[in-house]
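Scroll down for the structure; my scribbles are underneath it.
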Amino acid sequence: MKNRLRELRTEREWSQARIAELLNVSRQNIIAIEKEKYDPSLSLALDIAKLFELPVEDIFLKHG
Amino acid sequence: MEQESPTSIAKRRAKLVRRFAGDFILAGAFVAAVFVSKSITEGDPTNSHGALAALLPAIILTAWFLFLARQIRDYGEFEQMIAVRAVAIAGAVTVWSASVWGLFILMAGAPTLPLVMAAPFAAFVYSAVHTTLSASFR
C-alpha cells in the first residue's frame, strides 16, 4: 500500500529511529513501511495518524 | 535507507545477541543432555532408567520451545510477522523432509535417521528462513 510516511517524516526532519521510538516499534518496521513492503496493523496505522495529526486515509493510499 | 546512528546499531545488535545467546545456550544444553542421557542408558544393560534419561533432553527441548514462544509473544508486530512466517515455513519444511526421507527409507533402503534430529533441523531451517525474510524487507 502506498503511503506518505517518508514524506511526512522528512518534513518534520525526523529520523527513522526517532519515529520508531515515538511509535514504540523497531526501525526495521519503519523502513519496511516506507518501502511499501509492509502494511502496518490498524493499531499502528492509527498511531501513525495520531502522531502526524492527519486522518489515516491521508497517509495510507490504497492502490487503484 | 538513511544512515543508522551508532546508538541504534548498538541497540539492534544487543537485541540480536540476546536472542541468539538464548538459542545457542538452549541448543547446546539440549545436545549435551542427549549425550549425557545416552551415556546413562548405554551403561545400563537393563535400560531400567531409559524413560527417565529421555526426560532430561525432553525438558530442555520444551524449555527451548517455550523460550521461542515467549520471544515471539514479546516481539513488535513486524518482528512477530516475520517470526511466525519463519515458524510456519520451518515446520512445513521439516515435516516435508521427514516424510520424503521416510519414503526413501521405506522403498530405497535409505539409512534411518534418529527422530531426535527433527528439532535441531527445524531450528536450523527457522534461522535461515528468519534471516532471509528479515533481509527481504530492507
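Rule-based calculations on the coordinates, nothing more; no lab input. Worth saying up front: this structure is predicted, and the values here are computed from it rather than measured. Here Cβ is always computed from backbone atoms with ideal geometry, including for glycine, and neighbour counts include all displayed protein chains.
Would you please name the residue that is nearest to the other protein chains (Cβ to nearest Cβ), looking only at residues in the stretch A:42-59 that are surrounded by 14 or more Cβ atoms within 10 Å (Cβ to Cβ) and closer than 29 Å to B:Ile9 by Cβ?
Restricting to residues being surrounded by 14 or more Cβ atoms within 10 Å (Cβ to Cβ) and closer than 29 Å to B:Ile9 by Cβ, the top hit is A:Leu44.
Residue by residue through the stretch A:1-17, note down the ones that are surrounded by 15 or more Cβ atoms within 10 Å (Cβ to Cβ) and part of a helix (DSSP H, G or I).
A:Leu5, A:Arg6, A:Leu8, A:Arg9, A:Gln16, A:Ala17 - these are the residues of the stretch A:1-17 that are surrounded by 15 or more Cβ atoms within 10 Å (Cβ to Cβ) and part of a helix (DSSP H, G or I).
List pairs: first residue in the stretch A:21-39 and within 7 Å of chain B (Cβ to nearest Cβ), second residue of a type in the set (A, V, I, L, M) and not in a helix (DSSP H, G or I) anywhere in the structure, Cβ distance under 8 angstrom, at least six positions apart or on different chains.
Partner pairs satisfying both residue conditions: A:Ile31/B:Met1.
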